[in-house]
Structures are given as C-alpha cells and as structure tokens.
Amino acid sequence: MVNALELYDPQIYELVRQERARESGSIRLIPSENYVSRAVMLASGSCLTNKYAEGYPNKRYYEGQQVTDLIEKMAQDRAKKIFKADHANVQPYSGSVANWAAYLALVQPGDTIMGLSLPHGGHLTHGWKVSVTSKVFNSVQYTVNPDTGRFDYNRIEELAKKHKPGIIISGATAYPREIDFEIFGQIAQKVGAYHVSDIAHIAGLVVAGIHKSPVPYADIVSTTTHKTLRGPRGGMLLCKAEHAENVDKAVFPGLQGGPHMHTLTAIAVALAEADTPEFITYAKQIVKNAKVLAEKLLEYGFNLSSGGTDNHLILIDLRNKNISGKKLAKALDRARIVTNYNTTPLDPAHPSNPSGLRMGTPAITTRGMKEPEAEQIAGFINKVVENIDNESVIEEVGKEALLLCSAFPVPDHFIIPNKNSG
Ligand SMILES: *Cc1c(COP(=O)(O)O)cnc(C)c1O
C-alpha cells in the first residue's frame, strides 16, 4: 500500500525511510537519544499539529479548545503525579527554552546565575560563554574537581558565597555520577539563591526512583521530555506552587507563542508510559547496561571520567589512547556505532576537537539489549580503537554491529499501561 507521503513527496519519503533504516541498523549510543513508542509517535504525528492554543487551559486566546484543554490538563496531571510536583508546565518547546523560562521566572536580566561549565559537563544554557544566557545574565561557572571528575560541594559553596548568585543551577549534560540535589538546595539556601535543577538527561531515572529527585529541593525543575524520559522532543517545568504563576507567565507570553499541541499530546502519552512498572524495569536496565559497558571499557584500558558511572552515560578520556574524540566518533559511526565526541573535565582541547567520547545506554536498552550485549558493544569499541586506521577491520565491526542490531529490532514497542497501577 502506498502511503500519502510516498505518493505526494517520494523523495522525502525515501529519505525518511533511509533514516529509519539507519536508526535500525546502527547501535545508538548517544545518551540524549532514544526511540519513542509507536503510541508516542502516533500522538506526535496527529491532527493536534493543526491547532493553535495560546494560553493555558480555560484561559486561551483562540476558540475551539474543547479538546486541547482536556489534553493539556491530562499532561499536567500526569507530570505532577510522576514527579510529585505541585505544578507542571508542559509547553516549553525544548529543554533550552524551559531553562530560559526557569531563569526569567525567578530573576531579572543582569542578575547572576551560577551553573556548571560546559567543558565540565554543563549545558550551553547554564551560562556558557557562547550562549545568550551568559550575555543576558552575569554568569559564574563552577567546575568538577578535575582529580575526581566529581563535584566538590565545598568548592561550589565557596564560589556561591563569593558571587552571591540569584540562581544556582544543578544538573548536567555530561556528568556520569549521581548528583546530590539536596546539597545544591542547601547551598542555594545558605546564599539566598534560588535553586533551578535541570534533569534533562536523567528525568527517566528520577521518575523510576533510581536517582534522588530534585523536586523537594529545587524551586524549579527543568527537563527535556525526549532523553531518558522517552517522549517526543520537548521541554517541561515542574515547580512549587509559589512559583507556578511566574513559571507559566515566563513560558507564555514571556518566551513562546502557541504551544506545540501535537508534542504536548505525545508528552501526555509518554508520561503515562513512564508511570508503569515496565518503565521502572527499563530505567533500572539502562543503569545496569551502562555499568557493564563501563566495566568492560575499564578492562580494555580506557580511562573513564570519574572512573565509571552511576547513571546512563559514560565519558571516555581518550588521551592515553592517542586518538581524538572526533576521529574515534567518526570511525565508530562507520562501524555503525553512533556516539558523540565531547570535552572532558581534564581536557585542554577546544570543544570542536576534544579528546573525550560520550556514550550512553538509554536507546540500546529500549531495543531490549542487556548486559551481554553491552559487553559485546564494549568489545566493538575496543576493536575500532585498536584498528583506528584499518578500514577493513572497521567495516568488519560494522557487520557485527548490524548483526547485533538485527537481533534487537527497533521496537514499535508498546508499553501497555497497567490500568490498576494507581
Ligand atoms: C539536552 C539538554 C538541554 C536542552 O535540551 P534541548 O531540547 O536540546 O533544547 C538542557 N539542559 C540539559 C542538561 C540537557 O542535557
């Protein structure tokens, strides 16, 4: 049967088909990527993309909101339930916009924000110098302890006492260890700062109870919806009741116009999927897989930032292997193993050519891969590193990778929410 896209735009149809084949035929180790369920995909590709819904349920600026109001309220309620938060805003277009909204809900342009520096694992929007967040706000950056690759909370507190920021941001984009959000909350309290926690990467682990939730310790929690949470691309804010009005105003009309209702609808579906025992099992397996991958890489003589992982991601410091992160990432991609090159805390190189490689297990875990496969993948990576200039070996690894992929097809996975699970 020919579908509408194929009929109307065969060229784009073919490219979508090629991307689907690429996603299915390669080992996806980018820690911020995942595969959504068929249900999320359907909601995301639904007629809700046609509807403008500026405002919030019962306070819209256009008519015809009989259905959108119900969907958005469901998404809010599901978010509040699984994150145990007073208030949820499910409209941010992405994690970056969600962070902007969190800052603007709490402080003024020109005020000081303090976040983790990008080469040490922070996100651009945490005040890194090329991000507008560092231009609109006065940005102070903390780092990890380069000897341990971990946070030194005393040093972070000292820095906070010195600069008296209006906001302290906890959370990271490349930090392989559990973060103590309670201590961040205490530091913020001591210096009279607000605490914004950005759990874009680990939201799924938080929902599953594997990592401590920042919700009790942060004024606002910001997250993406598409990483370990396994929803469509989007952003979300959770906050205490006292900040609800400011948060909502910061998102709309402060930063955005109409919410992407199709995305919001798919977020509602993903939140229901995350509220299941199956999802908790999934999240636990993500961490088990990451730990096995890390252990095996250590056995092969790789240096890992912080020496291992507590979560879904691993940061390899490649300097002892004399290969740049970029060169290895590109060779791995030719071997059907998709990662990203990244800075590491000790790396003196520029972010455009760093000596680190970042990888994670959320996507392979969605495919059903477990410890034996994680072990096998570590072997693939090592083989590519040992044969970095030998294209025929890299090609051979690519075939083995394809074979592994074929045994774990990209799921049109269904999580059937258990209606009795509360
Ligand atoms: C991915 C990420 C973001 C940004 O999300 P986008 O949806 O790409 O804008 C923000 N903060 C952290 C910590 C992230 O990892």
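Hey, can you tell me all the residues within the range 79-88 that are over 16 Å from residue 56 (Cα atoms), surrounded by 19 or more Cβ atoms within 10 Å (Cβ to Cβ) and not aliphatic (A, V, I, L, M)? Passing the criteria: only 83. Which pairs have Cβ atoms under 9 Å, sit 6 or more apart or on different chains, and link a residue in the range 122-138 that is within 15 Å of the ligand (Cβ to nearest atom) to one that is among the aromatic types (Phe, Trp, Tyr) and part of a strand (DSSP E or B)? Close Cβ pairs (under 9 Å, with a partner that is among the aromatic types (Phe, Trp, Tyr) and part of a strand (DSSP E or B)) amount to 122/142.
Among residues of the range 235-250 that are within 19 Å of residue 82 (Cβ to Cβ), those with a Cβ under 8 angstrom from a residue that is surrounded by fewer than 24 Cβ atoms within 10 Å (Cβ to Cβ) and aromatic (Phe, Trp, Tyr), sequence gap 6+ or separate chain, pair up as 235/93; 238/83. Does any residue of the range 38-48 turn out to be in contact with a strand residue (DSSP E or B) (Cβ under 6 Å, 6 or more places away or on another chain) and not β-branched (Val, Ile, Thr)? No, that holds for no residue. Applying the condition of being among the polar types (S, T, N, Q) and in a helix (DSSP H, G or I) to the range 302-316 and asking which residue is surrounded by the most Cβ atoms within 10 Å (Cβ to Cβ) yields 305. Of the residues making up the range 317-352, those that are among the polar types (S, T, N, Q), more than 15 Å from residue 28 (Cα to Cα) and either buried (at least 23 other Cβ atoms within 10 Å of the Cβ) or not assigned by TED's automatic domain parsing to the domain that holds residue 376 (or both) are 342, 343, 344. Among the residues making up the range 190-211, those that are among the hydrophobic types (A, V, I, L, M, F, W, C), in contact with a helix residue (DSSP H, G or I) (Cβ under 6 Å, 6 or more places away or on another chain) and within 11 Å of the ligand (Cβ to nearest atom) are 196, 199, 200. Within the range 33-40, is even one residue among the aromatic types (Phe, Trp, Tyr), under 19 Å from the mean Cα position of the chain (by Cα) and more than 16 Å from the ligand (Cβ to nearest atom)? Yes, the range 33-40 contains a residue that is among the aromatic types (Phe, Trp, Tyr), under 19 Å from the mean Cα position of the chain (by Cα) and more than 16 Å from the ligand (Cβ to nearest atom). Selection of strands (runs of 3 or more DSSP E) fully inside the range 71-154 by the criterion of at least 2 residues being over 20 Å from residue 184 (Cβ atoms) returns 87-89.
Of the candidates 207, 269, 196, 221, the single residue that is closer than 19 Å to residue 287 by Cβ, more than 13 Å from the chain's Cα centre (by Cα) and in contact (Cβ under 8 Å) with a residue 12 or more places away in the chain is 207.
The values are calculated or read from the model by the stated rules, or taken from the named source; none is laboratory data. This one's a predicted model, so the numbers in the text were calculated from it and none came from an experiment. Note that each Cβ is placed from the backbone with ideal geometry, even for glycine, and that neighbours are counted across all protein chains shown.
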